[in-house]
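One structure is given here, and the rest of the page talks about it.
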Amino acid sequence: MDKLPQPPLANVAERYSRQVRFPAIGAAGQARISASRVAVIGCGALGSAAVDLLARAGVGEIVIVDRDFVEISNLQRQVLFDEADAAAQIPKAVAAANAVGRINSQVKAQPLIADATSSNIEEILTGAQVVIDGTDNFETRYLINDACVKLGLPWVYGGVIGASGMAMAILPGETPCLRCIYPEGQAAGVLATCETAGVIGAIVSLVAAVQWAEAVKILIGDHQHLGRGLATFDLWTNDYLLATGFPRLADCPCCAQHRFDYLEARHTSQTTTLCGRNAVQVSPGHPLRLDLAELGRRLASAGAVSISPYLVRLGVDGHEITVFADGRAIVKGTADLGTARSLYARYVGV
Ligand SMILES: [Zn+2]
């Protein structure tokens, strides 16, 4: 989105007056916030709550990356979206950028409809001072971790499930990285539960608030107030904990050995089940730019086709295949990778 005309200075001062009066931020902190660029990877529940707070706080530029589109089942916890976004199947990155424009026209929002992958993550993060994790899977989190450790860029991990959640700021070279805290085997167990446990909106607000606060402390240089540990919360059992004292692993493949497995695509899969959705994402093996109108015409004989500027959707054989311009498809109605791959090959065929 293009930057809109700036309102008079007096309005700017009034707009952020309560935040500036908070002594830890002050006028100098506000100036740094307004001059900063933050990348939010994944704009579902945590991402949209974080973007909402970042936009209201006046972060200069927010890069919003998301691979999915808005659905009615998102609205219970994804605060930037509404019924009109779901009805029009607007990609979340675009819907979020539109919402930022309504909340704070001084903020430049840059939507990117894409999967964060080993081939684009470093470019996405260029110029950012901090990265916020809004993803729902550990493969992408490990990728963010690799890129941020390589670039020396702070990032804030966050995750929610059921009524519980966690958050942690990671300062590469200084604090433990994600692979120090969660070696790969442990993360697989976390992934398995999110299919069934559901999630409540309130824990999203809580974890995103922590992510926002840690990110802002980083932006304004207030490192002494960072949590430096894993904050965990359970809103149902009222267990709140900041677990500190995690060491940096002496043999961590990422932050000690600088072996960036995910960034070097050693672990990247081209077919991914989507958390809790009975859906699979299939990605092309190479960068693509599809002509969606032409694809829509081609698929019209196969089943019910709907088309928007951002996507083509085909309903066929009890499945729903949504294809984006970058060649990715989300196949709904199956959690089976092979079924999804064969449907992709049959109908998208690229
Ligand atoms: Zn590490």
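Where does the chain land at 222 nm, in deg cm²/dmol rounded to the nearest 500, when only DSSP H runs of n ≥ 4 count, each adding -39500 (n - 2.57), divided by all residues?
On the way: 13 runs with 123 residues, N = 350.
Rounded to the nearest 500, the figure is -10000 deg cm²/dmol.
Alpha carbon centre of the range 101-177 versus the range 210-241: separation in Å?
Answer, in whole Å: 15.
Once amide H atoms are built 1.01 Å from N in the peptide plane, which residues 5 or more positions from F69, or in another chain, come under 5 Å H to H?
Placed amide hydrogens put K92 under 5 Å from F69.
Take the Cβ-Cβ distance between I72 and R259 as r, set R0 to 51 Å, and report the resulting FRET efficiency rounded to the nearest 0.05.
On the way: r = 43 Å, r/R0 = 0.83.
In this case the efficiency is close to 0.75.
Taking H placed 1.01 Å from N in the peptide plane, check which residues at least 5 places from A109 or on another chain put their amide H under 5 Å from its amide H.
Distant-sequence amide H within range of A109: I62.
Using a 1.4 Å probe and counting only protein heavy atoms, arrange Y240, Y310 so the residue with the most accessible area comes first.
Y240, Y310
Ignoring everything but the protein chains, give the 1.4 Å probe accessible area of D66 in square angstrom, nearest 10.
10
Pairing the Cα long axis of helix 337-347 with the longest principal axis of the chain, what angle in degrees results, from 0 to 90 and rounded to the nearest 10?
60
Helix 184-193 versus the longest principal axis of the chain: what angle, 0 to 90°, nearest 10, using Cα atoms?
Long axis of 184-193 versus the principal axis of the chain: about 70 degrees.
What is the distance, in nm, between label points placed 7 Å from the Cα along the Cα-to-Cβ direction at A84 and at Q270?
3.9
Which value in Å does the Kirkwood hydrodynamic radius of the chain take, with 1/r averaged over all unlike C-alpha pairs and then inverted?
Kirkwood hydrodynamic radius for the chain: 20.9 Å.
Mind listing the phi-derived Karplus ³J(HN,Hα) values for the range 241-258, rounded to whole Hz, using 6.51, -1.76 and 1.60 with θ = phi - 60°, and x for any glycine or proline?
Values, residue by residue: 8, 10, 8, 10, x, 5, x, 6, 5, 4, 10, 4, x, 8, 7, 9, 8, 6 Hz.
State the percentage of accessible surface on the chain attributable to carbon and sulfur atoms; use a 1.4 Å probe and exclude ligands, DNA and RNA.
Percent of accessible area from carbon and sulfur atoms in the chain: 55.
Please work out the average accessible area per residue across the range 9-244, using the 1.4 Å probe convention, and give it in Å².
I get 39 Å² per residue for this part.
Modelled label-to-label distance, D234 and R298, 7 Å Cα→beta-carbon offset: nm?
Calculated label separation equals 5.1 nm.
Would you mind checking the tilt of helix 201-220 against the longest principal axis of the Cα atoms of the chain, expressed as 0 to 90 degrees and rounded to 10?
Relative to the chain, helix 201-220 is tipped by roughly 50 degrees.
Would you check the chain for Lys pairs whose C-alpha atoms are within less than 30 Å, ignoring same-chain pairs closer than 8 in sequence, and give me the count?
So the count works out to 10.
For the range 271-347, what is the convex hull volume of its Cα atoms per residue in Å³?
Details: hull volume 6.5 nm³, N = 77.
So the per-residue Cα hull volume is 84 Å³.
Considering the dipole of the chain built from charges on the beta carbon (Lys and Arg +1, Asp and Glu -1) around the Cα centre, which of G229, A213, Q78 is farthest to its positive end?
A213
Which one of A45, P309, A345 has its Cα pushed farthest toward the positive end of the charge dipole of the chain, where Lys and Arg give +1 and Asp and Glu give -1 at the Cβ?
Sorting the options by dipole projection puts first P309.
Quick check for you: with a 1.4 Å probe and neighbouring chains kept, what is the accessible area per residue of the range 271-347, in Å²?
Details: 3460 Å² over 77 residues.
Heavy-atom accessible area per residue stands at 45 Å².
The values are calculated or read from the model by the stated rules, or taken from the named source; none is laboratory data. Note that this is a predicted model, so its numbers are computed, not measured. In this analysis, Cβ positions are derived from the backbone assuming ideal geometry, glycine residues included, and neighbour counts consider all displayed protein chains. Each accessible area value is taken on the protein alone, full model and side chains, heavy atoms only, with ligands, DNA and RNA left out. Shrake-Rupley method; radii C 1.70, N 1.55, O 1.52, S 1.80 Å.
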